[in-house]
Amino acid sequence: MKALVVAVHPDPSSLTHAAAAAIARGIDRSGGTSEIADLVKEGFDPRYRLDDRAVHHRRSAPPPDVVREQQRLENANALVLVYPVFWWSMPAYLKGWIERVFSNGWAFEDGPGGKGLIKKLDWLPVHLLGLAGADQAVYERRGYRDAMITQAELGVFNYCGAPVRSSEILYASETSSASIALEAAERFGERIFQP
């Protein structure tokens, strides 16, 4: 069982990248394998352009960089997204990756004659780990956690049929001990392929 661990942060020494490595260790320790995709280091372009719009309208095939990412996902048994929470959501870089890669025809499509949505990613379990600067009380008081669930879990992954198997936030990550966060990330990784 292989997990694609997608990490997004501009700083390679960030807690986000350390958490991605800890998740990979947990996956490997539990008998799975992992591949870490550092989208920033790899130079993936998250900007949605006119050619992406043509793909959405099925007037063009996806460009090579998108096909490459789709193939990585097709070769995985699980997708793990690890990201810092920016402005109460995933970073624009990660959102752009989703917008380009989870394209019409690959992740979803309209049914014949415009009759309903066909969700195409029911084979891809998803696991989300956000690293938040604020504490849990702020998220609960303001409803930010519920907003994140609506946007990512329901608005993106449910729309494509990809089941979200786990979704966690490491709260107060900037003020808590990094070792506590990394231990939690490793345990998160150990559970990826558990029934």
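Details
- The orientation-averaged shadow of the Cα convex hull for segment 45-101, equal to a quarter of the hull surface, comes to 4.5 nm².
- Put simply, when 109-117, 181-189, 71-79, 48-56 are sorted by average Cβ atoms within 10 angstrom per residue, most first, you get 181-189, 71-79, 48-56, 109-117.
- Overall Cα dimensions of segment 2-191 - principal axes, largest extent first, Å: 53, 37, 27
- Helix 15-29 and the longest principal axis of the Cα set of the chain meet at an angle near 90°.
- The angle separating the long axis of helix 64-74 from the principal Cα axis of greatest extent in the chain is about 60 degrees.
- Solvent-accessible area per residue in segment 61-195 equals 49 Å², computed with a 1.4 angstrom probe and all protein chains kept.
- Residue ranges 139-150, 96-107 sort as 96-107, 139-150 when ordered by packing (mean number of other C-beta atoms within 10 Å per residue, highest first).
- Among beta bridges that DSSP assigns inside segment 2-191, antiparallel share in %, nearest 5: 15 percent
- Label separation (L154 vs Q71): 3.7 nm, computed from points 7 Å beyond Cα along the C-beta direction.
The values are calculated or read from the model by the stated rules, or taken from the named source; none is laboratory data. All of these numbers come straight from a predicted model, not from anything done at the bench. For neighbour counting, all protein chains shown are included, and Cβ atoms are generated from backbone atoms with ideal geometry for every residue, glycine included. For the accessible areas, the whole protein counts, side chains as well, though only heavy atoms, and no ligand, DNA or RNA atoms are used. Shrake-Rupley method; radii C 1.70, N 1.55, O 1.52, S 1.80 Å.
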